[in-house]
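Have a look at the structure below, then the notes.
Since every read-out is calculated from the coordinates, none of them should be taken as a lab result. These numbers come from a predicted model, not from an experiment. So basically every Cβ, Gly included, is an ideal-geometry build from the backbone, and we count neighbours across all protein chains shown.
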Amino acid sequence: MSSEGVIEGWVSNVKILGKIAFIEVIDGLNLSPITVVVRKDSGSVDWSKVSAVKLGSAIRVKGVYPEKVVSKKGREIHADEIEILAEPRDLPPIDVTGKTPASFEDYINYRYLALRLPRVRAAFLARSLIVNEIRSFFSERGFLEVHTPKIVKAGAEGGATLFEVDYFGVKAYLAQSPQLYKQMLMCGVPRVFEIGPFFRAEKFSTTRHLNESWGLDVEMGFIKGMEDVLEVLSQLVVHLSHKLNERLGDALRGLGYNVIKPVTSVRVLTYDEALEVLNSLGFNLKWGEDFDPKAEKSLGDYLEEKGVQAYFIVDYPWESKPFYIMKKDEKRGYAFDLDIRGIEVASGGQREHRYEVLRQNLLEKGLNPEDFSFYLEAFKYGMPPHGGFGLGIDRLVMTFLGVQNIRETVLFPRDRFRLVP
Ligand code: ATP
Ligand code: AMO
């Protein structure tokens, strides 16, 4: 049955063949354009308007969706009325038909225009889907969604990457992570999650770091051990990889993305096992060393060959982890990373919840407990055993889509050299 409808969007192609016109319009959140078919002799549309339609104009079309679609693009509307809402005043700086590729930089500089290209659009549809799924995953499991401050007095992830803010004459920082707050909350709510931005003054310029990034932070109280946290995170990865494949997998692959396969389980390796694999691959790493991106990548390639795309590395040397991680023994901590296809996507662990030991941990890391007194205070009033993780959403989207640069997953990335747009 044909039905009436309205579409709104931007003209991406115009073809006039005698008395019939085909106007392709990028509309709604669809990945490919809809073909607007206009017939000169139907009399309902002002033909002079049609022949003057400019590429890139914003238009509204009222018409009928036909019963049988002829357009190979898959969607079609037969116009009864065309309204031109805005015409471009300049030629667009990038080709929005996608026929002539623009530079990587211009796809960022003109992101709002690049979003008219199916490939660019698809990455942000995938990101939006992932964030929506994260939110429902945790809400359904009884986690409280929280929002912690982004202007803070103390950093939890090392002093070197703090952005300083003048807070009415007092020195403050942009939050590097919700770490301290999500832990303090464990004294009043059993499970929390937060989706929010974090800021790191990392000076280097890499394809996997930004200075403003979005994270998922999770904290769970009353845990029996780190395994409880691994279980939730692995269920999340399984869930998200399935949803992405189910909803957008074919479309994304059709647009050239090397999408992750649906994950059935997340492999667990100890730090020691990972070290052994890396040294067998020719690295010369000593126990205690952190894995650099090259080592992470080699481990990722080695495991991907065995069909493993997502894996935990557990029981890291305590030395290389932050003060809030609980020690497992003399050398190791209850800490883990989640790596996907050779890139670290999340890290977490069980936290030290005993006041005296936590204070001692701060001292061992060369930090002053006085600077953390507001945080330590929460550990005096029945703080249960707890643990959690922080996951980089940009990194997750990057590894799920198989793209090489994190900037492809962020609309307006902030890196060392980019403050506009
Ligand atoms: P290109 O990208 O080169 O413009 P395409 O094959 O991707 O072409 P389609 O939307 O599939 O684009 O349309 C192909 C051609 O088929 C159109 O240019 C038009 O000539 C014709 N066509 C599309 N829809 C109809 C229709 N409803 N009735 C008659 N012909 C149509
Ligand atoms: P961590 O410092 O490992 O842990 O950060 C968590 C995750 O955030 C992502 N990430 C980044 N993404 C893009 N650009 C950056 N500059 C950047 N820095 C970090 C990574 C990383 O795995 N508080 C702990 C988490 C916890 O224990 O709960 C933390 O912040 O994907």
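How many percent of all Cα-Cα pairs in segment 1-44 sit more than 15 Å apart?
Result: 49 percent of Cα pairs exceed 15 Å.
Rg (Å, one decimal) plus Dmax (Å, integer) for the alpha carbons of segment 330-421?
18.1, 49
Normalized C-alpha radius of gyration of segment 237-339, against 2.2 N^0.38 Å?
My calculation over the Cα atoms of segment 237-339 gives 1.26.
How large is the dipole of segment 1-108 about the Cα centre if only Lys and Arg carry +1 and Asp and Glu carry -1, each at its Cβ, rounded to the nearest 20 debye?
420 debye
So what does log10 I(q)/I(0) come out to for segment 247-406 at q = 0.19 Å⁻¹, using the Debye formula with one equal point on every Cα and no solvent?
Each listed q maps to, in turn, -1.16.
Give the Debye-formula value of log10 I(q)/I(0) at each listed q (0.10, 0.13 Å⁻¹), with one equal scatterer per alpha carbon of segment 43-183, two decimals each.
Reported log10 I(q)/I(0), two decimals: -0.70, -0.91.
Under the definition of Cα pairs under 8 Å and six or more residues apart, what whole-number percent is the relative contact order of the chain?
Once divided by the residue count of the chain, the mean separation gives 14 percent.
Just to be sure I understand the curve: with the Debye formula and one point per C-alpha of segment 204-279, what is log10 I(q)/I(0) at q = 0.13, 0.16 Å⁻¹?
So the normalised log intensities work out to -0.69, -0.98.
Counting only GluC sites (Glu not before Pro) that are in a DSSP loop and have at most 14 other C-beta atoms within 10 Å, tell me the longest site-free stretch of the chain.
Answer from the scan: 68-329.
Given the C-alpha atoms of segment 292-344, compute the convex hull and give its volume per residue in Å³.
Considering the Cα atoms of segment 292-344, their hull volume per residue is 76 Å³.
Translational diffusion coefficient, Stokes-Einstein: compute it for the chain using the Kirkwood radius over C-alpha pairs as Rh, at 20 °C and 1.002 mPa s, and state it as an integer in µm² s⁻¹.
88 µm²/s
May I ask for the Rg/Rh ratio of segment 1-90, computed from Cα atoms with Rh as the Kirkwood radius, given to two decimals?
0.93
Picking from L367, L278, L17, which is most flexible by a Gaussian network model of the chain using Cα springs under 10 Å?
L17
Of V50, V70, V189, which is the most mobile in a GNM of the chain whose springs link Cα atoms less than 10 angstrom apart?
V70
Kindly give the semi-axes, whole Å and largest first, of the ellipsoid equivalent to segment 183-313, taking each as the square root of 5 times a Cα gyration tensor eigenvalue.
In descending order the semi-axes read 26, 23, 19 Å.
If contacts are Cα pairs under 8 angstrom and at least 6 residues apart, what is the relative contact order of segment 238-332 in percent?
Taking the mean separation of contacting Cα pairs over the length of segment 238-332, I get 29 percent.
Would you please name the trypsin sites (Lys or Arg not before Pro) within segment 1-66 that are DSSP coil residues with at most 15 other C-beta atoms within 10 Å of their C-beta?
The qualifying sites are K19, K54.
Taking DSSP loops as anything outside H, G, I, E and B, show the longest stretch in the chain free of chymotrypsin sites (Phe, Trp or Tyr not before Pro) there with at most 14 other beta carbons within 10 Å.
1-167
Give me the tail of P(r) for segment 126-182 as a percent: Cα-Cα pairs with distance above 19 Å.
Everything past 19 Å amounts to 48 percent.
Are there any helices in the chain, counted as whole DSSP H runs, that stretch 27 Å or more along their axis by Cα and score at least -0.5 on average by Kyte-Doolittle, and if so which?
Helices passing the filter in the chain: 118-140, 226-254.
Counting pairs of alpha carbon atoms under 8 Å apart in space and at least six apart in sequence, what relative contact order in percent does segment 16-139 give?
20 percent
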